[in-house]
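The values are calculated or read from the model by the stated rules, or taken from the named source; none is laboratory data. Just so you know, these numbers come straight off a predicted model, no measurement behind them. FYI the Cβ positions are ideal-geometry reconstructions off the backbone, even for glycines, and counts take in every protein chain you see. When the accessible area is computed, the model is the full protein with side chains, heavy atoms only, and any ligands, DNA or RNA have been set aside. Shrake-Rupley method; radii C 1.70, N 1.55, O 1.52, S 1.80 Å.
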Amino acid sequence: MLIDKSVSQFLDATASNDPVPGGGSIAASSGATAAALVEMVANLTIGKKKYEDVNDEMKEISKKANDLRQQLLKYIDIDSEAFNRVMNAYKLPKDTEEQKIVRKMTIQNAMKYAASVPLEVAKKSYDIMELSMRVVESGNKNAVTDGAVSAMMARTAVLSAIYNVKINLSSIKDNIYVEKVDSEVSWLEMNVNSKEKEILGKIEL
């Protein structure tokens with residue numbers, strides 16, 4: 001499991017000539033890091049007398065960020081598994097017409113799965129940005145820059161994951177599926193940069 005490796009081992013694996021872990025796993029890792037930073041800011045706020053009025057809100061944020069972090073950690077490995085599923089589909093035999101049909105269908109199903117995984121990473125990372133906004137606005141001011149970094153890391157995760165969605169969509173023949181996913185991707189692309197700008201605009205240093 002990639003998530004059981006040390007940071008150094010994970011980066012060594014990424015730097016190798018093996019295609020996994022690749023950009024999709026890194027996107028998930030970035031999202032998980034963003035969630036961890038949100039969680040940290042919330043936890044640095046909880047129990048502080050100066051922030052008593054947002055104590056319950058920060059507890060809620062900490063829990064939500066923790067949930068998203070755990071989910072995104074799993075996607076580090078899920079993304080690599082999705083890539084391997086596509087590669088295995090292409091290795092299927094194609095000697096007979098029946099084999100060709102099975103292979104084609106398996107490839108298409110694998111490509112859809114490989115597109116759905118980074119799409120989920122992008123959605124969950126965008127959700128983190130909503131939490132980043134709240135800790136920047138109401139969290140411990142001594143950790144406000146950590147809230148800012150969480151927003152930037154989440155934005156990177158969203159855009160990185162979207163690129164992985166797009167490259168898989170280009171090989172999918174199901175036009176209805178492609179249109180549906182492309183609509184979700186377009187919404188995320190349209191909103192993620194403005195969301196980051198809005199969050200960073202609230203920080204005064």
Legend entry - Residue-normalised accessible area of the stretch 68-169, expressed per residue, 1.4 Å probe, Å²: 48 Å²
Inset, instruction - List the lysines whose Cα lies under 16 Å from the Cα of residue 202, skipping any in the same chain that are fewer than 8 positions away. - result: 141
Inset, instruction - With all protein chains present, calculate the accessible area of residue 105 using a 1.4 Å probe and round the result to the nearest 10 Å². - result: 110 Å²
Inset, instruction - Go through 8-21, 151-164 and give me the packing order, highest mean Cβ count within 10 Å leading. - result: 151-164, 8-21
Inset, instruction - Using only alpha carbons, build the gyration tensor for the stretch 1-108 and give me the equivalent ellipsoid semi-axes, biggest first, whole Å. - result: 42, 16, 7
Inset, instruction - Mind jotting down the distance between the C-alpha centroids of the stretch 70-109 and the stretch 24-44, whole Å? - result: 29 Å
Legend entry - Above-threshold pairs, the threshold being 25 Å between Cα atoms, out of 123/180; 59/123; 124/197; 63/123; 5/91; 64/195: 5/91
Legend entry - Cβ charges +1 (Lys, Arg) and -1 (Asp, Glu), total dipole of the chain, debye: 160 debye
Legend entry - Cα-based Rg of the chain normalised by 2.2 N^0.38 Å, two decimals: 1.17
Legend entry - Percent carbon-and-sulfur accessible area, the stretch 52-205, ignoring ligands, DNA and RNA, probe 1.4 Å: 52 percent
